[in-house]
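Shown next, in structure tokens, is the structure this report addresses.
The values are calculated or read from the model by the stated rules, or taken from the named source; none is laboratory data. The shown structure was predicted, so the numbers you read here are calculated from the model rather than taken from an experiment. Note that each Cβ is placed from the backbone with ideal geometry, even for glycine, and that neighbours are counted across all protein chains shown. Keep in mind that these areas ignore ligands, DNA and RNA; they rest on the heavy atoms of the full protein, side chains included. Shrake-Rupley method; radii C 1.70, N 1.55, O 1.52, S 1.80 Å.
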Amino acid sequence: MAITVRNLTKYYGQEKAIDDISFDVKTGEILGFLGPNGAGKTTTMKIITCYMPPSKGTVDVDGHTIADHSLEVRRKIGYLPELNPLYLDMNVVEYLEYAARLHGIDKATLKRQLASMIEVCGLKEVRHKDIGELSKGYKQRVGLAQAMIHDPEVLILDEPTSGLDPNQIVEIRNLIRQLGRAKTVILSTHILSEVQATCDRVIIVNDGAIVADGTPEELQQKFRGSESIAIELRAQVANPMAEIFPKLKALSSVESVEYGGGENGCHRFSLFAAKGSDIREEIFRQAVQERWVLLELTRKVTSLEEVFHKLTKL
Amino acid sequence: MDFKRSLTNVGTIFQKELRSYFNSAVAYVVIVVFLAIVGWFHSNALFLANTASLRLMFELVPIVFMFIIPAVTMRLLSEEKKSGTIELLTTKPLIDVEIVLGKFLAAWALVGVSLLLTLVYYFTIAALGDIDSGPVFGGYFGLMLMAGIYVAMGLFASSLTDNQVIAFIVGFVLVFLFFMLDKVLLYVPEGLTSIVEFLSVDYHFSNIARGVVDSRDVLYFLSLLGFTLYLSVLSLERRKW
């Protein structure tokens, strides 16, 4: 179930929430929508799910546009809105049945789907409890179960793990991964590790526009700055700045070196090399040659986090 | 548009809303309070006036409606707006008209049930003395139509805000305005009196309550009902502006 988003623009009054966003999602892909709060993630999702129309642009879900075939599109989509709104006075089974009926599921399918959602989402013990009495983690599962009760081909999840504790986050992520295998999923988040853990592809949005698009690895590659390596070595020298520093600096493709201090004959340095080069081996050889004892050597690769900061803190 | 599908959707929402009235105490409070107020005034009237008639009750119920109905309808849409569930509802394959109709019918049904329970008073009177059943039938019919208008107005008020208190007050004011129209005719410029009178709910109700069901009165109720419900649909669609 492919989704095509073209030139999406949305104004709230005078304010532009998203500006000319275009992207595609392939069938079976899990797409992470990453961006700081207020970047336009939720707005984009609200448009795709037909909650509100865009000011400009179109969305096409499997050949149906949101403008002309809104009901068709909504039938294919399972949606978990931001903050997971629920009817707190209904019990779990009542609520899931209600959601299923609104999707026009026939009785036999409803029964099967209900049983399978309760199983998959682990709702068995709480299925006759009022939703208002459930813990946040269970509520989130109910929200997910609701989004998938009609076995949609597309899942749109707006911050599915917000407000959960670390264990619950892992659970929900696994659930999404497991369920996402057969579906096209778009999930939004501002948590980076979430994207790395669950998504095949990432789109980073900032200020209503897409600033990066690719797999998590690609983005790391693309936005990698200079390589930085931290080392600590032991050498019996009187003046490390005179005896070690120049030798490190002289290594090929090292651009700069910083002395990080030291005591008892141990000295810390940070080396910065040109983008894409790997100087770890050279450092090792130099250390052997000079009879330094290499205590630590850490390569710092630009994390997605740094990519994110770089892109969104302009 | 698929009519059968629409009917199912309206039914689903109707059922859910009605269940939610009975799951919370709202339905029971409404029924008990309604019956108690109407019953107290009714029995007072019965013993003091010593007549076998429901005339006094039919004068009283519209006033009780004015307070009870906005309370019944206030949460219908404003609660969904506040909790965000409106987003769930409107992203399901439904059209807004179905949502409005389902909710309207549920609230109307609750008020209708309360009203029908007052038939107990009719039967007690019928057992005590001779009662002209024509005006009684007309009265109940008229009250049902009036309840429909008030529910639609309350629902509209609820669609305007995410605050239930505001929804109640706006609903009450709307209902009160239409109730008062034919009582302020003295202050209305002469050329407008007939129009204002025609717009008044009470005027048409008293016509029907006399036992004469005129198509003009029924038409008035139906068109006002349709118009008010349409306003709710428009208001629900405001998210798309």
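Here are some notes:
- Cβ-Cβ under 6 Å pairs, at least 6 apart or on other chains, region B:58-74 side aromatic (Phe, Trp, Tyr), far side open to solvent by 10 Å² or more (accessible area, probe 1.4 Å): B:PHE58/B:ALA209
- Output for region A:34-59, where each listed residue is surrounded by fewer than 18 Cβ atoms within 10 Å (Cβ to Cβ) and away from every other protein chain (no Cβ under 11 Å): A:PRO36, A:ASN37, A:GLY38, A:LYS56, A:THR58
- Note on region A:60-77: among residues that are part of a strand (DSSP E or B) and touching a Lys or Arg at 6+ places or on another chain (Cβ under 9 Å), the one that is least open to solvent (accessible area, probe 1.4 Å) is A:VAL61.
- Meeting the requirement of 1 or more residues that are hydroxyl-bearing (Ser, Thr, Tyr) and surrounded by fewer than 15 Cβ atoms within 10 Å (Cβ to Cβ), the helices (runs of 4 or more DSSP H) wholly within region B:150-241 are B:193-199, B:215-236.
- All conditions in (1) modelled with pLDDT of 85 or more; (2) more than 12 Å from A:LEU233 (Cβ to Cβ) hold for A:ALA273, with the sole exception of (1).
- In this entry, A:LEU134 passes the filter for residues that are more than 14 Å from chain B (Cβ to nearest Cβ), open to solvent by less than 20 Å² (accessible area, probe 1.4 Å), modelled with pLDDT of 90 or more and within 30 Å of A:ILE191 (Cα to Cα).
- Qualifying residue in region A:86-104 (condition: among the β-branched types (Val, Ile, Thr), touching a Phe, Trp or Tyr at 6+ places or on another chain (Cβ under 9 Å), assigned to a helix (DSSP H, G or I) and more than 11 Å from every other protein chain (Cβ to nearest Cβ)): yes
- Of residues in region B:211-241 being basic (Lys, Arg) and under 25 Å from B:SER159 (Cα atoms), the one farthest from the other protein chains (Cβ to nearest Cβ): B:ARG238
- Test result for B:LEU110, under 16 Å from the mean Cα position of the chain (by Cα), open to solvent by less than 30 Å² (accessible area, probe 1.4 Å), within 14 Å of chain A (Cβ to nearest Cβ) and of a type in the set (A, V, I, L, M, F, W, C): no
- Checklist (1) surrounded by fewer than 15 Cβ atoms within 10 Å (Cβ to Cβ); (2) assigned to a helix (DSSP H, G or I) applied to A:LEU114, failing item: (1)
- Flag not set for A:VAL73, criterion: in contact with a helix residue (DSSP H, G or I) (Cβ under 7 Å, 6 or more places away or on another chain), touching a residue at least 12 places away in the same chain (Cβ under 8 Å) and within 14 Å of another protein chain (Cβ to nearest Cβ).
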